[in-house]
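First the structure, in the form of C-alpha cells, and then the observations on it.
The values are calculated or read from the model by the stated rules, or taken from the named source; none is laboratory data. Note that the coordinates shown come from a computational prediction; the quantities given were computed from them, not determined experimentally. Glycine also receives a Cβ, built like all others from the backbone with ideal geometry; neighbour counts cover every protein chain displayed.
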Amino acid sequence: MAENIVLSNSEYKVVGTRPIRHDGTDKVTGRAKYGTDFQTAGMYYGKVLRSPHAHAIIKSIDVSKALALPGVEAVITGKDMPGANNPDASRGTQMASDNLLARTKVLYKGHPVAAVAAANQHVAEAALDLIKVEYEVLPAVMTVQQAMAKDAPLLHENLTTTELGERTDKKSNVATHVQFTQGDIEKGFAAADVIVELEFGNETVHQGYIEPQSASAIWNENGEVTVWTSTQGAFTARDALAPLLDVPVSKIKVVPMEIGGGFGGKIPVYLEPLAALLSKKTGRTVKMTMTRAETFESTGPTSGTTMKVKMGATHAGKITAAQADLSFEAGGFPGSMVSAGAQCIFAPYDIENMQADGYDVLVNKPKVAPYRAPAAPNVAFAGEQVVDALALKLNIDPIEFRLMNAAKEGTRRVDGPIFPVIGHVECLEAAKDSAQYKTELKGPYQGRGVASGFWFNIGFQSSCSIAVNADGTISLVEGSTDIGGTRASIAMQAAEVLGIAAEDVHPTVGDTDSVGYTAMTGGSRTTFATGWAAYETAQDIKKQMIERAASIWDVSADDVEMEDGVFKHKSDGDLKLTFKELAGQLAGSGGGISSQSTVDPKGAGGAFGTHVVDLEVDPETGKVTILDYTIVQDAGKAIHPSYVEGQMQGGVVQGIGWALNEEYFYNGEGRMENSSFLDYRMPTSLDTTMINTIIVEVANPGHPYGVRGVGEVPIVPPMAAIANAIARATGLRMGRLPMSPGAILEALWAKDGEPTGIQAAD
C-alpha cells in the first residue's frame, strides 16, 4: 500500500486510527438482520405483476380469477394508489405513484401493473398468471437520440419541456433543459491555438448491489403504518411514503434493516408502498422481495447518455474554453442527474470561459436512480478524455497539463460557487510522485492513463443521541443507515471528544421514532454530517460531565477541565476522575446524563481524486488487462483510514466494470436480455489487480475534524483513466462505454482498414 500524505494540521487520539468495526461480529456470524430476514407470525407474501411491454396503453385489468384462487388474500392495481388518485396530489406524487403501479400506461418492460398478497409465495406467483391485462402496444424509444427525434412517440402526452427554468408549452420527451455558463465561450475558443471536439456516450448500467430490494409492512387498525426495509434512508423513505399513501408522516414508522449494498439505488421506494396497501387490505403484515431479474428490470439504474465536449487551449497549455452538451436518459419518468453532471464536468479545472447544457430525456426504460456520484462518472468519461487529447496534441505530460489548469482555492465552478480550500493540486502532485507513475511501461500495447474527478459532497440534516452508561461506555443512536462503515466513523468522532476508546461506544442505527430527523445515506454526507451531530452531542455530554464533576467536588465548573478522558481540577491535582469513574457516580449524584443534537451543516467541501492506470490491450481479442492502478484522493481527514481505503478501492472496481464490461442489453422490443449476474458481467478478482491507495488530507475548514466525504469520488475517474490508457496503448480514442473486447476489436479493425464485425475465416 502506498504511503498516505497527511497535510492536515491536527493529530488525534481516536480519529485517524483503525479500530475493529462495531458491526463486524454480527456480519460475519450471520446474526445481522437484513430485509429478507424479517419474519413475524401470520405474515402474508406479496408479488408484483409487471408489464411484458416497454411501451403500451393499459386497456383493462381483470383480477377476478386471481382473487378467486385459494390462498390469495388481496390484489391491488393503480386505482388503489391513494396518492395518485388524490385530485390535490402534486404532479410529482402522481408520477411517483404511477411508477410504482401503472394506471393508464406502462413505460418500460417490468413496469408494475398489479400486486398480490397470498398465504405463501407460490400461491402469489400462481395468482399473477391469473391476472388478465389487455394492452395496446406502442412503439418504444430506447435511446436519447430516438427520444429526441422530431417524430418520436411521446411517453407522456401531457408533459411539456422546462427550458432554462421556465415551463414551456412544448410537448416532447425532453423533460428539462438546464444550462450553466461562465465568461464568454466564443471569446475563449477564439483565443485557443488547439481545439478538440469529441462525442461520447455510455449504456445503461446498474449499481449491482448484492441484496435485492425487500420490504415488509403492517397497516394497523389505528391507521399507523410500520415498514421494515433495506433502505439508505429511513426518514427519506418515510417522506416518500406519506404522499404516496396519503397519510401524515407522524403515522409512518420506518425501521431500517441492515443493507446489502445500495450505492444510491436504495434511496427510492419500490415495494414499501405496495406492501403497506396490501397490508391495509388484509390486516396482516405483508412481505415482498424482488428477484434479481426484477431488480435489474424495475429498479433505477444509472443513465445511458450521449455527450459532446469541446475544449480549446493555447500552445502554452492554458485551457481557454470548455463546452459540453449532455443528454441523459431519465427512464420512463423525469429525474436524471444531468444537472449534477453539468456542474461537475469542468470542476477540476480553472477555466475562464465555460458552458454546460444538460437535457433530461425520457426513454422506455426504468426510471433512473442515483449511482455513486450520480452523473459525475459519465461526464468525466467525456471531459477527461478531451483533456487527455489536448495534452497529447500539445505534447505535455497529462498530469503536468492538469496541474497547469487545476482548480484551487478561489476557482469558480461553471455553476457559480467558488471553491474554498480544496486538495486537487495536492492529489495531482501525489499522483505524479507515485511509484507507479515513475515506473516505465514496456510492451507495444501497454498504455498509462490519467484522469481526475470531482464530487461536491452534501450536508443536510443529521441527528444523534448519546447516553452515558454506568460502566463508562456510551450508547449512541444515529439515524444514518450504515453502508460503508459509518457506525465506526460516527462513533470515533464521539469518542474523540469524550476521550474514550472507540470500542467504548455502542452505536445503533435508530428507526424514525427513535432518533431525530436524518437525511439519507448518500452523496458522501454521513461521516461528515452525522459525524458532526455526534461531535456536537458529545460536546454537550462533556459539558454535563464537567458540571457533574464540579458538583461532586463542590467547586465551580469553570475550574474543571477534561483532558484525554480525565476530569480534573485546574489547580487541585488531587481532584481527578476518569470518564469511567465519573460515569459510575452519576446515579448517586443527580442521575444519568444524556443528550441529543440535530445539525444541518453547510460546509461539505468539494472532494477530488486523481487516478493512474496501467493496462495492456490484446490486439488479437480486444481484451484489456489491468496491470497496475493507483488512486489518490483528498479525504480532508480520514476518520478510519481502512474504511477510506476500502471506499477508494471499491469505487475503482465498480469503475473497471463500468469501463470494460457492464451494460444493459435490450432487444428490439425493449426487453432486457441479461437480467442476471450470470449475464450482466461485473468484475471479479480476476479482472483487476491490487489497487494502490494514497490518502491526501487537506483539512476541510467546514468540519470540526476536517472531514470531506470520500464515497463518491472513487468511481468518477476510472472510466476516463482506462479510456486514456487504451488511447495511449493503441492510438484509439474510445467514445462509448463499455469498452468491451468486441468494441475494441472492431475499432482496431477499422483503424487498420479492415472491415468491422466478425472476420471471415481464411
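Numbers at a glance
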| quantity | calculated |
| --- | --- |
| Search result, residues across the stretch 430-462 that are in contact with a Gly (Cβ under 9 Å, 6 or more places away or on another chain), surrounded by fewer than 22 Cβ atoms within 10 Å (Cβ to Cβ) and among the polar types (S, T, N, Q) | Gln461 |
| Elements of type helices (runs of 4 or more DSSP H) contained in the stretch 260-348, each with 2 or more residues being crowded, with 22+ Cβ neighbours inside 10 Å and not assigned by TED's automatic domain parsing to the domain that holds Pro420 | 272-282, 292-298 |
| Residue in the stretch 672-685 that is buried (at least 24 other Cβ atoms within 10 Å of the Cβ), under 30 Å from Gly443 (Cα atoms) and in contact (Cβ under 8 Å) with a residue 40 or more places away in the chain present | no |
| Selection within the stretch 430-459 - out of contact with any Pro (no Cβ under 8 Å at 6 or more places or on another chain), under 30 Å from Thr598 (Cα atoms) and at pLDDT 95 or above | Trp455 |
| Meets criteria (among the charged types (D, E, K, R), under 17 Å from Asp540 (Cα atoms) and either surrounded by fewer than 16 Cβ atoms within 10 Å (Cβ to Cβ) or in contact with a helix residue (DSSP H, G or I) (Cβ under 7 Å, 6 or more places away or on another chain) (or both)) for Asp572 | no |
| Tally, over the stretch 585-618, of residues that are surrounded by fewer than 15 Cβ atoms within 10 Å (Cβ to Cβ) and farther than 19 Å from Ile490 by Cα | 8 |
| Among the residues listed as Ile546, Ile552, Ile593, Ile541, the single one being outside the structural domain of Ala373 (by TED's automatic domain parsing), within 25 Å of Asp482 (Cβ to Cβ) and touching a helix residue (DSSP H, G or I) at 6+ places or on another chain (Cβ under 9 Å) | Ile541 |
| Unique residue being farther than 24 Å from His703 by Cβ, within 23 Å of the chain's Cα centre (by Cα), buried (at least 19 other Cβ atoms within 10 Å of the Cβ) and of a type outside the set (A, V, I, L, M) when the list is Thr512, Thr518, Thr530, Thr526 | Thr512 |
| Identity of the residue in the stretch 392-416, out of contact with any helix residue (DSSP H, G or I) (no Cβ under 9 Å at 6 or more places or on another chain) and outside any loop (DSSP other than H, G, I, E, B), that ends up surrounded by the most Cβ atoms within 10 Å (Cβ to Cβ) | Met404 |
| Subset of the stretch 715-729 [closer than 19 Å to Asp687 by Cβ and either assigned to a helix (DSSP H, G or I) or out of contact with any strand residue (DSSP E or B) (no Cβ under 8 Å at 6 or more places or on another chain) (or both)] | Ile715, Pro718, Met719, Ala720, Ala721, Ile722, Ala723, Asn724, Ala725, Ile726, Ala729 |
| Failed condition for Asp540, given (1) part of a helix (DSSP H, G or I); (2) under 30 Å from Gln436 (Cα atoms); (3) of a type outside the set (Gly, Ala, Ser) | (2) |
| Scan of the stretch 608-651 for residues that are assigned to a loop (DSSP other than H, G, I, E, B) and among the aliphatic types (A, V, I, L, M), ordered by number | Ala635, Ala638, Ile639 |
| Spans of strands (runs of 3 or more DSSP E) in the stretch 129-194 with at least 1 residues among the aliphatic types (A, V, I, L, M) | 132-137, 174-182 |
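Conditions tested, residue by residue: (1) closer than 30 Å to Ile210 by Cβ; (2) part of a loop (DSSP other than H, G, I, E, B); (3) touching a Lys or Arg at 6+ places or on another chain (Cβ under 6 Å).
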| residue | (1), (2), (3) |
| --- | --- |
| Val14 | no, yes, no |
| Arg31 | yes, yes, no |
| Ala54 | yes, yes, yes |
| Ala74 | no, no, yes |
| Asp88 | no, yes, no |
| Ala96 | yes, no, no |
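A quick yes/no check of all residues on (1) out of contact with any Ser or Thr (no Cβ under 9 Å at 6 or more places or on another chain); (2) of a type in the set (Ser, Thr, Tyr); (3) touching a residue at least 12 places away in the same chain (Cβ under 8 Å):
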residue: Glu352; (1), (2), (3): no, no, yes
residue: Lys365; (1), (2), (3): no, no, yes
residue: Arg372; (1), (2), (3): no, no, yes
residue: Pro398; (1), (2), (3): yes, no, yes
residue: Arg413; (1), (2), (3): yes, no, yes
residue: Asp433; (1), (2), (3): yes, no, no
residue: Gln436; (1), (2), (3): no, no, yes
